[in-house]
Amino acid sequence: MPTTKGLEEVVAAQTAISDIDGKLGKLWYVGYSIDELCASSTFEEVTYLVHHLELPTQSELEDLTEQMINDREAGDFIRELMPTLAQQASPMSMLRTGISAASAYDPDGWDNSAEANYRKAIRIISLIPTLVAYYDRQRRGLDLVEPNPKLPHAANFLYMLFGEEPSQEAAEAMDTAFIAYVDHTMNASTFCARVVASTLSDMHSSVVAAIAALKGPLHGGANEQAMRMLEEIGDPSRAEDHVRDALARKQRIMGFGHRVYKGDDPRAAILRGLAQELGEHTGDPRWYEISQRVEKVVMEEKGLYPNVDFYMASVLHSLGLPTDLFTPMFAAARSAGWTAHIREQYADNRLIRPESEYIGPRDRSYVPIEERAEQPDQPKEAVS
Ligand code: COA
């Protein structure tokens with residue numbers, strides 16, 4: 001069987017949660033286009049959609065919203081851990097550890113029933129913004145801000161970070177950003193979550209695996225790298241030289257290219273508009289302007305389109321998020337998709353266990369250690 005490096009085009013699971021048409025540049029959650037959901041829906045409603053595969057009625061949405069508000073609180077164990085995590089761990093490592101720690105005191109314990117897994121899913125989705133906000137305030141030496149039950153999920157995240165209610169515009173922008181990140185078919189972190197779930201390991205462990213995969217710069221880490229590049233460029237007039245120089249040095253431009261989209265990523269178009277609006281609103285259109293120049297040069301030089309992470313960087317920056325919280329914010333939103341995929345995997349499970357193609361030597365005879373020749377030219381210590 002031929003090896004498909006990076007599992008490109010391999011169909012690893014059936015899903016009813018999201019679908020992409022990479023040629024047309026379309027993304028749907030359960031049949032609804034991302035454009036329509038970002039324009040008209042809310043994160044809570046989309047969370048319901050990916051978990052129940054239908055939009056909620058008013059009362060169903062109210063029930064879920066109430067459940068999410070009740071589940072925002074972090075337990076004592078997390079609060080005790082947070083000072084150490086804020087001092088010692090990167091934001092994504094904190095999140096990985098925080099979700100692991102949350103499993104210790106989950107009220108459903110090791111119950112792996114469908115009902116318990118749904119409750120665990122909603123708890124995880126509800127808790128992540130609290131973990132991120134506590135971490136950030138702790139490391140800045142500020143008092144923790146308790147969740148505000150009157151605010152929607154995305155607005156409450158900004159409130160817990162900054163200690164004041166966001167403007168209507170900021171709240172809506174954050175909500176749109178959350179929706180844009182909710183799900184994206186068999187991306188690396190979702191795949192990891194499903195692999196772990198397929199062993200019938202628990203919900204929290206599956207989410208921890210997803211967080212670990214999202215952390216890498218080729219996946220969720222790209223939004224932070226994109227922002228660092230924009231900051232390094234600093235001024236629109238320097239964008240062109242910077243990009244040409246980076247490409248000449250064979251560097252990847254973070255926030256560009258995609259395994260599935262060969263043209264426009266529909267989320268990038270939504271976020272481009274949002275980045276422009278927020279730039280005008282905050283009176284600092286610089287990040288949007290630099291981004292536009294970068295986009296033009298990357299297209300000229302490489303024919304590559306921006307993906308979701310590129311304009312997300314200016315959006316989150318304009319909303320005041322520290323750059324190293326961009327990927328944790330991605331995790332907060334994607335947790336809705338991850339947990340929906342984990343439940344979907346449990347509902348019709350078969351162990352995910354692909355093959356590998358062996359390319360090493362065969363049929364060797366074991367040589368006792370005292371008879372093995374030293375290799376003088378080879379470095380003794382492996383380079384990590
Ligand atoms: N900047 C410069 N060149 C890029 C590029 C980028 N962002 N993305 C892809 N390329 C080039 C590669 O160098 C390669 O060129 P080559 O054939 O001349 O070697 C070619 O495009 C194919 O790249 P490949 O890594 O095989 O594509 P992929 O499908 O495996 O990778 C990504 C997809 C997303 C990992 C890749 O586009 C990337 O690294 N992007 C930057 C990170 C990023 O934004 N990630 C978030 C994704 S939502």
query: Short version: ³J(HN,Hα) in whole Hz for each residue of the range 257-274, in order, from phi by Karplus 6.51 cos²θ - 1.76 cosθ + 1.60 (θ = phi - 60°), x for Gly and Pro, what are they?
result: x, 7, 5, 9, 6, 9, x, 5, 8, x, 5, 5, 5, 5, 6, 4, x, 5
- request: In Å and from the alpha-carbon atoms only, list the Rg and Dmax of the chain.
  value: 22.2, 76
message: In Å², and per residue, what accessible area does the range 300-362 have when probed at 1.4 Å with the other protein chains present?
response: 43
- prompt: In percent, how large is the relative contact order of the chain, given Cα pairs closer than 8 Å and 6 or more residues apart?
  reply: 22
task: Determine the calculated [θ] at 222 nm for the chain from helices alone, applying -39500 (n - 2.57) to every DSSP H run no shorter than 4 residues and normalising by the residue count; nearest 500 deg cm²/dmol.
output: -18500 deg cm²/dmol
- request: Please compute the net charge surrounding Ala154, taking Lys and Arg as +1 and Asp and Glu as -1 over other residues with Cβ under 11 Å from its Cβ.
  value: -3
- prompt: How high is the FRET efficiency between Thr282 and Ala104 when r is their beta carbon distance and R₀ equals 45 Å, given to the nearest 0.05?
  reply: 0.65
- prompt: When the Karplus curve 6.51 cos²θ - 1.76 cosθ + 1.60 is applied with θ = phi - 60°, which whole-Hz ³J(HN,Hα) does each residue of the range 363-368 get, with x for Gly and Pro?
  reply: 6, 8, 9, 5, 10, x
statement: In nm, the gap between the two label points placed 7 Å beyond Cα toward Cβ at Asp111 and Lys26 is 4.1
field: Tally of Lys pairs whose C-alpha atoms are under 28 Å apart, taken over the chain, 8 or more apart or cross-chain
entry: 26
field: Translational D in µm²/s for the range 222-318 (Stokes-Einstein at 20 °C, 1.002 mPa s, Kirkwood Rh from C-alpha pairs)
entry: 165
task: Show the residues, 5+ positions off or on another chain, whose built amide H is closer than 5 Å to the amide H of Lys26.
output: Asp21
message: Ratio of alpha-carbon Rg to the 2.2 N^0.38 Å globular estimate for the range 308-384, to two decimals, please.
response: 2.13
statement: Whole-percent carbon and sulfur contribution to the accessible surface of the chain (1.4 Å, no ligands, DNA or RNA) stands at 49
- line: the range 146-175 and the range 58-117 have their Cα centres apart by a whole-number Å value of 19
task: Please say if the range 174-263 is rounded, prolate or oblate, where rounded means a/c under 1.5 for a ≥ b ≥ c the square roots of the C-alpha gyration tensor eigenvalues, and otherwise the choice is prolate for a/b larger than b/c and oblate otherwise?
output: prolate
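The values are calculated or read from the model by the stated rules, or taken from the named source; none is laboratory data. Source: prediction; values computed, not measured. Counting neighbours? That spans all protein chains shown, and the Cβs are built from the backbone with ideal geometry, glycine included. All accessible areas refer to the heavy atoms of the entire protein, side chains included, with ligands and DNA or RNA removed. Shrake-Rupley method; radii C 1.70, N 1.55, O 1.52, S 1.80 Å.
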